[in-house]
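A short worksheet on the structure shown next.
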Amino acid sequence: MTDRVLNVGVVGCAAIAQRTTIPALVADPSVRLVAVASRSRDKAEAVARKFGCQAVTGYAALLARDDIDAVYVPLPPALHAEWVGRALAEGKHVLAEKPLAVDRTEAAELVTAAHAAGLLLMENFAFLHHGQHDAVRALIDEGAIGEVRHITAEFGFPPLPPGDIRHDPALGGGALLDAGVYTLRAASLYLGPQVAVHGAVLRTDPGTKVDVAGAALVADPAGRTGQLTFGFDRSYRCACTIWGSEGSIGLDRAFTAPPTMRPVLRLQRQDHLEERTLPAGHQFASLVSLFARTALHGGDLKGPGEDILRQAELVDAVLGAAGGRARPGA
């Protein structure tokens, strides 16, 4: 290991990025945030002042800079194919907001481009890097709930403001690409890479033309099942339960545990209920650290791409099982 630093630029100034991943980039000692770009100069300058970096007007201008090694792309999903692709063409490693692409075709093109250039392409599923999921996996591995039989994953929240980009089908809006992808990724985490969609329902708002809620039934080749539900038309819920032959494990903030929160894991067996308060964890800091280490010092470039393709296949399968609708650019 050396003292090399990864010089990073941010393509877009999304509010969620300013709350989560950009602060993690600034805080990581192996990262130097060089610049942020926006189509609006005023916005770029405001965000640059906030995080102590340079402001760039226009995404292409940031990608053309030779003092940037990697970029974080928190743009709406439908813009990823163009700007992630252009970043890779400029020789930059890429951390992209989830979902990386609106369908598998786009995902495959980007993964192929990254592999051909020897670049790291990673999807920002930060929850995978929270210690609470390590604790769940450790309990499963030691047989605490017997054999896994079923997973339930739920992620939903109240209706969004009318002008929110997630109401815009042209930008890749909808609950599936926003909340649903978390539940699909959890299914892969706990049921394995061969999990497949066996049925799905999406409820589309007649005004916005985007899906505002949905559910999917998944299973692996051994017959282990999962029930996934999501939406932005309901009270807040962010839970995951793994049901085994001898008990179950549940998490109440499976995807969005803030850095200061100590998650509670519930282990239930027959006549025994145990609540374990786990250590707090900064999932965005852990993801950024992994991204920087891999980009700087080498590591697994293939695995993240395989994860991206499997995830995109599951999204396509949900759309197909639910009756399908074309995504922008598909």
Checklist outcome for this item: Selection from the stretch 106-136 of residues out of contact with any Phe, Trp or Tyr (no Cβ under 8 Å at 6 or more places or on another chain) and either free of Cβ contacts under 8 Å to residues at least 60 places away in the same chain or in a loop (DSSP other than H, G, I, E, B) (or both) yields Glu109, Thr112, Ala113, Ala116, Ala117, Gly118, Leu119, His130, Asp134
Checklist outcome for this item: Of the residues in the stretch 134-176, those that are of a type in the set (A, V, I, L, M) and within 30 Å of Arg269 (Cβ to Cβ) number 10
Item to check | Looking only at the stretch 271-281, and only at residues there that are touching a residue at least 24 places away in the same chain (Cβ under 8 Å) and not in a strand (DSSP E or B), the one that is surrounded by the most Cβ atoms within 10 Å (Cβ to Cβ) | outcome: Gly281
Item to check | Number of the condition not met by Val102 [criteria: (1) within 15 Å of Gln311 (Cα to Cα); (2) out of contact with any strand residue (DSSP E or B) (no Cβ under 9 Å at 6 or more places or on another chain); (3) part of a helix (DSSP H, G or I)] | outcome: (3)
Item to check | Checklist (1) open to solvent by 10 Å² or more (accessible area, probe 1.4 Å); (2) closer than 28 Å to Leu171 by Cα; (3) at pLDDT 95 or above applied to Ala330, failing item | outcome: (3)
Next on the checklist: So Ala15 ticks every box in (1) open to solvent by 30 Å² or more (accessible area, probe 1.4 Å); (2) farther than 26 Å from Ala175 by Cβ; (3) of a type in the set (Gly, Ala, Ser) but one. Which box is left unticked?
Outcome noted: (2)
Checklist outcome for this item: Residue pairs within 7 Å by beta carbon, gap of at least six or interchain, first lying in the stretch 190-202 and closer than 15 Å to Arg310 by Cα, second charged (D, E, K, R) and open to solvent by 40 Å² or more (accessible area, probe 1.4 Å), listed first then second, are Leu191/Arg224; Pro193/Arg310
Next on the checklist: With the requirement that a residue be in contact with a strand residue (DSSP E or B) (Cβ under 9 Å, 6 or more places away or on another chain) and more than 14 Å from Pro74 (Cα to Cα), what does the stretch 1-23 give you?
Outcome noted: Val5, Leu6, Asn7
Item to check | Selection within the stretch 183-206 - surrounded by 18 or more Cβ atoms within 10 Å (Cβ to Cβ) and farther than 10 Å from Ala321 by Cβ | outcome: Thr183, Leu184, Arg185, Ala186, Ala187, Ser188, Leu189, Tyr190, Leu191, Val195, Thr204
Checklist entry - Which residues, counting only those in the stretch 214-263, are in contact with a helix residue (DSSP H, G or I) (Cβ under 6 Å, 6 or more places away or on another chain) and not in a strand (DSSP E or B)? => result Asp220, Arg224, Phe232, Phe255, Pro263
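The values are calculated or read from the model by the stated rules, or taken from the named source; none is laboratory data. As the structure is a computational prediction, the values presented were derived from the model and not from experiment. Methodologically, a virtual Cβ is constructed for each residue, glycine included, from the backbone with ideal geometry; neighbour enumeration extends over all protein chains shown. The accessibility values were calculated without ligands, DNA or RNA, using every heavy atom of the protein model including side chains. Shrake-Rupley method; radii C 1.70, N 1.55, O 1.52, S 1.80 Å.
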